[in-house]
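Just so it is clear, none of the values below were taken in a lab; they were calculated from the coordinates. In this text, all values refer to a predicted model and were calculated from it rather than measured experimentally. Neighbour counts run over all protein chains shown; Cβ positions are idealised from the backbone, glycine included.
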Amino acid sequence: MDGTDDTATSHTGADGLFARLDTLGIAYTTHHHPPVFTVEESKDLRGVLPGSHVKNLFLRDKKKRIWLVTALEERQIDLKALRKRLGASGSLSFGSADLLMEVLGVVPGAVTPFGVINDRGGRASMVLDAGVLATDPVNAHPLQNDMTTALAPRDLLKFLEAENHPPEVIDFGAD
């Protein structure tokens, strides 16, 4: 060993993700844009891309269980209510940048449901807002935040299931 950290090189990047989508027969379109780090920046820079746009929360509890939550960008998510729904131990908190890279192979600002491609150990449980499945297409970062990839909701489900991360679907829009 030369002492360098090669963790990041073991992760699948955007090209590997696109190859996987191709292998699964999933049609998608990718748009390039300047890097965005927040929902607000995304709204300003994406132009007019049809379909739903998502936000993603990388969460953990005190027992170190991990969840990746993908919801419509406009949803308000009550972490206390979500904690109860998921059966989390203690309060939910955001996972660190190091944990995010370790589990999903992405940096903050590039969190995406596609990150499960790098969770080979199945450490993260996938939670998906039912609203994401109601609009076609779904737009998400393809493992980096300078692109947006659009695909059909059924194909997002197909991808998640193929990556052994079938989602728990929650309607965050329900009262």
Can you confirm whether segment 136-154 contains a residue that is over 24 Å from Thr12 (Cα atoms) and either more than 11 Å from the chain's Cα centre (by Cα) or charged (D, E, K, R) (or both)? yes
Restricting attention to segment 47-68, the residues that are part of a loop (DSSP other than H, G, I, E, B) and either touching an Asp or Glu at 6+ places or on another chain (Cβ under 8 Å) or touching a residue at least 60 places away in the same chain (Cβ under 8 Å) (or both) number exactly 4
Which of the residues spanning segment 11-27 are free of Cβ contacts under 8 Å to residues at least 40 places away in the same chain, of a type outside the set (Asp, Glu) and either farther than 17 Å from Asp155 by Cβ or not in a helix (DSSP H, G or I) (or both)? Gly25
Given (1) of a type in the set (Gly, Ala, Ser); (2) without any contact (Cβ under 8 Å) to a residue 12 or more places away in the chain; (3) surrounded by 23 or more Cβ atoms within 10 Å (Cβ to Cβ), identify the lone condition not met by Gly87. (3)
Residues that are at negative phi, of a type outside the set (Ser, Thr, Tyr), assigned to a loop (DSSP other than H, G, I, E, B) and over 18 Å from the mean Cα position of the chain (by Cα), drawn from segment 79-102: Ala88
Looking at segment 121-169, which of its residues are buried (at least 19 other Cβ atoms within 10 Å of the Cβ), aliphatic (A, V, I, L, M) and part of a strand (DSSP E or B)? Ala124, Met126, Val127, Leu128, Val138, Ala140, Ala150, Leu151
